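This report refers to the structure that appears directly beneath it.
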Amino acid sequence: MQIIETKNLRYVYSDGTEALKNVNFQAYENEIVAVVGANGAGKTTLFKHFNGLLKPTSGKVLINGEEIRKDNLLQVRKTVGLVFQNPDDQLFAPTVKQDVAFGPMNLGLPEDVVTHRVRESLELVGMSGFEDRTPHNLSFGEKKRIAIAGVLAMQPRVLVLDEPTSGLDPQGVVKIIELLITLKKLDISSVVATHDVDIVPIFADRVYLLHHGEVALEGTPEDIFNESLIEESHLRLPYIAQLLKNLKEEGYDIDLKLTVSEATDEIVKLLREINGTSRSRKRGIERQHDS
C-alpha cells in the first residue's frame, strides 16, 4: 500500500527557480527508500511537500491516497514524520524529555501515554538516560538522534529524513543505518535523502535519483548504480562497485556488487578461478616437461 505518492509534482520558488519538475514518487509500507542526488537536486524541497510544509505549484501530493488539504494537515503530519538535516532546527526545549514530549503533548494525549512514548522513542534511538540533559549541550550525532526520537514519539507510519548521516562520524553513521533497519522491522517505513552513495546499498530497498529537480532514475540499488547517469548527475559509484568495475575493465570476469559481503564473495570466486587456471597451466607444463 502506498503511504506517500506525488503526481507530476512541480514547485517554483518565488524567485523563479524551478526546484521540482513533474516528479512522480511513491513510498510503500514496510520499505526504505533512498533519494540520492547532488546538492541542489531538489531533495529537501521534495521532502517538504510530504507533510505539507510546501504547497505544490502544480501536481498533487497524496498521503494514504488522499491529497493534502488544510483540513487533513494534522493527520498528514501524524502519518509522515519529517526530520530536518540540521537538528538545531527541531530542538528547542530545555531538556531532552521535554523536547521529545512536545509532539505527543500537543496531540492532547494523557500524561502516562506521553511518558511511555518518550521512553520508547529514546530507547529506539539509543538515547535512554538522556532525559534530563540539555539538548544543545549534546554532540551533533546525539542531537540528530534526539530529533529523530521527537518525531518517532508521534508514531508516524513513515519517517522522512533529510541527510541523516551528514556530519556524523563512522560510528554515528552505523547507528543511523541500524535504526532504519530496526524501524522497518517495526513496520515504520523510511524515506532518506543522502548523497552518501556508499551507504545506500546497505539499507535501501528502492532508490530515486534526482537530477536538476527531475527523477532521472528509479529502481533497486543494483539498477541505479549500473547506470551511466550516476556520473552525469554529479554522483559516483560506491567505492566497492568502482573497484569491481575497474577489475572488469581490466578484463576480469567479475560482476558488479554493491555491499562488502557480496563483493567479497565475487572476489573470492575470481581468485579461485585464477588459482584453478594457474594450477591447470602448471600441470600442463609439468606433463610437457615429463614427456
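Values in this text are rule-based calculations from the coordinates and carry no lab data. What you see is a predicted model; the values in this text were computed from it and never measured. Positions of Cβ are generated from backbone atoms using ideal geometry, with glycine treated the same way; all protein chains shown enter the neighbour counts.
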Would you mind checking the pairs LYS48/LYS144; LYS78/LYS184; LYS144/LYS245; LYS21/LYS144 and listing those with alpha carbons more than 25 angstrom apart? LYS144/LYS245; LYS21/LYS144
Report P(r) for the chain: all Cα-Cα distances, bin width 10 Å, range 0 to the bin holding the largest distance, values in whole percent. 6, 25, 29, 20, 10, 5, 3, 2, 1, 0
Using Cα atoms only, what is the angle between the long axis of helix 260-290 and the major principal axis of the chain, expressed in degrees (0 to 90) to the nearest 10? 0
Determine which lysines satisfy two conditions relative to LYS143: a Cα distance under 19 Å, and not lying fewer than 8 residues away in the same chain. LYS97, LYS175
Expressed in angstrom and rounded, the centroid-to-centroid distance over alpha carbons for segment 165-194 and segment 121-148 is 15
Output wanted: per-residue J couplings in Hz (rounded whole) for segment 101-108, from phi through Karplus 6.51 cos²θ - 1.76 cosθ + 1.60, θ = phi - 60°, x for Gly and Pro. 7, 4, x, x, 5, 6, 7, x
Tell me the angle of helix 170-185 to the major Cα principal axis of the chain, expressed in degrees between 0 and 90 and rounded to the nearest ten. 70
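Kindly put ASP187, ASP196 in sequence by how many other C-beta atoms sit within 10 Å of each C-beta, fewest to most. Walk me through the numbers before you get to the answer.
On the way: ASP187 9, ASP196 17.
With the fewest neighbours first, ASP187, ASP196 line up as ASP187, ASP196.
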If the elastic network links every pair of Cα atoms under 10 Å, which of VAL192, VAL158, VAL173 fluctuates the most in the Gaussian network model of the chain? VAL173
Magnitude of the Cβ-charge dipole (Lys and Arg +1, Asp and Glu -1) of the chain about the Cα centre, nearest 20 debye, reported as 160
For segment 199-235 and segment 57-104, what is the centre-to-centre distance using only Cα atoms, to the nearest Å? 26
